[in-house]
Amino acid sequence: MPEIDIERNIEKYWDNFRRQLNTEDAEKLDKLLEEIEEHLIDPTQDTPVKTVDFVKWLDPEPVLDILKLSYPYFKHIRDRLGPRMRFFAYFMISRKKNAWQAYHSLSEEEYMKLGFEDKPLYELLREFGGRSWATLTNHEI
């Protein structure tokens, strides 16, 4: 079996990818990669990554079709579900005892990292979490 130079293939892929970007998109990509490197390099016990800094990178898009079943007014709230899904992920990953504890553990700045414009009302997140959990656990993912 021939030996494959994986590093070289990755470099070729990124070279081809970058050639297709315009200047603005290349700058956005560089900024995004810089942020990832600043916050997510070497997450170990000695250099931990805060849960909220991990969760802010989650893409809820694949789960939205499942949630559509729970919301008859889905078209109107679709864009607001991403931040709520990230909060829900934060709640589950951070091992908070309940949604109330998770809600109060985040600052307004951290809510903004999750995609909210400002700190949401607790009741909004509590209702969303209950409905979402029921939908996700009753649906085969």
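Bear in mind that the values in this text are calculations on the coordinates, not laboratory data. Note that the coordinates shown come from a computational prediction; the quantities given were computed from them, not determined experimentally. A quick note on method: Cβ atoms are made from the backbone with ideal geometry, for glycine too, and the neighbour counts reach across all protein chains shown.
Tabulated data for the structure shown
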read-out: Proximal lysines to Lys12, defined as alpha-carbon separation beneath 30 angstrom and excluding residues fewer than eight positions away on the same chain; value: Lys28, Lys31, Lys56
read-out: Under 12 Å, Cβ to Cβ, from Arg80 - net charge with Lys/Arg +1 and Asp/Glu -1; value: +2
read-out: Under Karplus coefficients 6.51, -1.76 and 1.60, residue-wise ³J(HN,Hα) of region 95-107 in Hz, glycine/proline x; value: 6, 5, 5, 7, 5, 4, 5, 5, 4, 7, 7, 9, 7
